[in-house]
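What follows is one structure encoded as structure tokens, with my remarks underneath.
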Amino acid sequence: MLVDEMLWRDWHPVIIATDMEVERPHRTTLLGVPVSYRRDRDGGYHARRVDGKGPCRIVERYATVWICLSDAPREFFAVPEFDEPDRRIVSAGSIRVHVSGLRAIENFLDMGHFPFVHTGYLGAEPHTEVLPYKVEIDAAANEILATDCRFVQPRASAVAATPIEVSYTYRVARPYVALLYKTCVPAPDRRDAICLFVQPLSEEWCVAHTVMVYIDDVNTEQELRKFQQTIFGQDLMILINQVPKRMPLEARHEIPVRADAMASAYRRWLRDNKVAYGTYAEPATEEA
Ligand SMILES: [Fe+2]
């Protein structure tokens with residue numbers, strides 16, 4: 001299918017910058033288009049479409065390498081935490097998943113599954129209730145913000161030794177980009193950020209790239225990475241079992257089992273922004 005204007009003009013992640021080898025060509029797919037990219041010895045990046053339809057734009061930002069297929073790229077979303085000098089910027093890796101990237105984002109926004117999917121880490125029974133939170137659209141940036149999210153978590157992060165009430169802000173900055181800001185255990189007035197940068201390989205395959213922007217003097221990079229990979233491994237079991245692989249946008253396709261304001265807002269926002277790539281539409285049926 002044709003790729004929606006908003007996605008076509010957007011920057012999409014292709015690799016974590018530290019995973020790139022100098023002077024070695026890398027191949028991947030973006031929105032169904034095969035691309036090749038490399039970094040030269042001077043640190044310059046180069047990318048081109050494999051189908052011969054020309055070079056593409058490529059930049060390194062937020063510890064990640066991004067490509068835009070359009071000649072008229074959108075502006076980047078802002079994540080000022082990356083500029084704070086005392087932040088630890090740690091990648092939790094890139095995982096290829098057989099599901100629409102929109103499903104991966106929606107799953108990332110799902111606090112309701114904490115006690116069941118992340119038992120003993122991000123939630124535990126009997127604390128299964130999702131307390132009311134606020135969802136708003138930042139009209140100027142065209143982003144979704146969910147604030148006042150709270151959850152009692154047995155082990156909220158690699159530095160949390162005892163259960164704490166964690167406060168969250170979720171932010172959907174792009175159809176395939178979401179960020180989570182959470183209580184920072186060693187610095188209560190600041191917040192750790194976890195970035196989920198999803199690369200849409202096609203409508204039914206994606207790569208989830210995760211980057212942590214943390215305040216943490218205690219854990220090694222290995223420990224931070226292992227914690228986040230454990231959490232994502234639990235999510236993976238949910239993601240690979242999604243049916244259909246693409247995300248239905250019409251409410252009637254899925255039974256709302258709980259008041260899930262964030263997922264509803266995300267689906268509505270995708271509809272309003274005319275994002276169809278990676279979504280599921282009911283096949284046309286013949287009139288009886
Ligand atoms: Fe999860």
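Under DSSP H, which helices of the chain have Cα atoms covering 24 Å or more of the helix axis and a Kyte-Doolittle average no less than -1.0?
For the chain, where a helix must reach 24 Å along its axis and average at least -1.0, the hits are 221-239.
Among Arg171, Arg24, what is the fewest-to-most ranking by other Cβ atoms within 10 Å?
Arg24, Arg171
Roughly how big is the chain's charge dipole about its Cα centre, with Cβ charges of +1 (Lys, Arg) and -1 (Asp, Glu), in debye to the nearest 20?
540 debye
Taking amide H positions as placed 1.01 Å from N in the peptide plane, with prolines and chain starts having none, which residues 5 or more places from Gly93, or on another chain, fall under 5 Å of its amide H?
Excluding prolines and chain starts, which carry no amide H, the hits are Thr210.
Reachable lysines from Lys134, Cα under 20 Å, same-chain residues fewer than 8 places away excluded?
Those lysines meeting the cut-off are Lys182.
Efficiency by 1/(1 + (r/R0)^6): what FRET value for Arg74 and Glu165, r their Cβ-Cβ distance, R0 = 45 Å, to the nearest 0.05?
Efficiency, from the Cβ-Cβ distance: 0.75.
Between beta-carbons, use under 11 Å as the cut-off and find the net charge around Tyr277, counting Lys and Arg +1, Asp and Glu -1.
-3
With unit charges on the beta carbon (Lys/Arg positive, Asp/Glu negative), name the residue among Tyr170, Pro248, Val207 whose Cα is farthest towards the positive pole of the charge dipole of the chain.
Ranked along the dipole, the leading option is Val207.
What ranking of Thr210, Thr169 emerges when the number of other C-beta atoms within 10 Å of each C-beta is taken as an exposure proxy, fewest first?
Thr169, Thr210
Local charge sum around Asp4 (other residues, Cβ-Cβ under 13 Å, Lys/Arg +1, Asp/Glu -1)?
Once positives and negatives cancel, what remains is +1.
Where does each of His98, His209 land when they are ranked from fewest to most other beta-carbon atoms within 10 angstrom?
Ascending Cβ contact count within 10 Å gives the list His98, His209.
Please check the chain for the longest run free of GluC sites (Glu not before Pro) that are loop-located per DSSP (anything but H, G, I, E, B) and have at most 16 other Cβ atoms within 10 Å.
Maximal segment without exposed cleavage sites: 130-249.
Can you tell me which aspartates and glutamates have their Cα less than 12 Å from the Cα of Lys245? Leave out same-chain residues fewer than eight positions away.
Cross-link targets: Glu203, Glu204.
Cβ under 11 Å from Arg246's Cβ, Arg246 left aside: what net charge do those residues give with Lys, Arg +1 and Asp, Glu -1?
0
Using alpha-carbon positions, what is the distance between the centroids of the stretch 16-79 and the stretch 137-197, in Å?
Cα centres, the stretch 16-79 to the stretch 137-197: 28 Å.
Every number in this text was worked out from the coordinates using simple rules, so none of it is lab data. Computed from a predicted model, the values in this text were never measured in an experiment. As a convention, Cβ positions derive from the backbone with ideal geometry for all residues, glycine included, and neighbour counts pool all protein chains shown.
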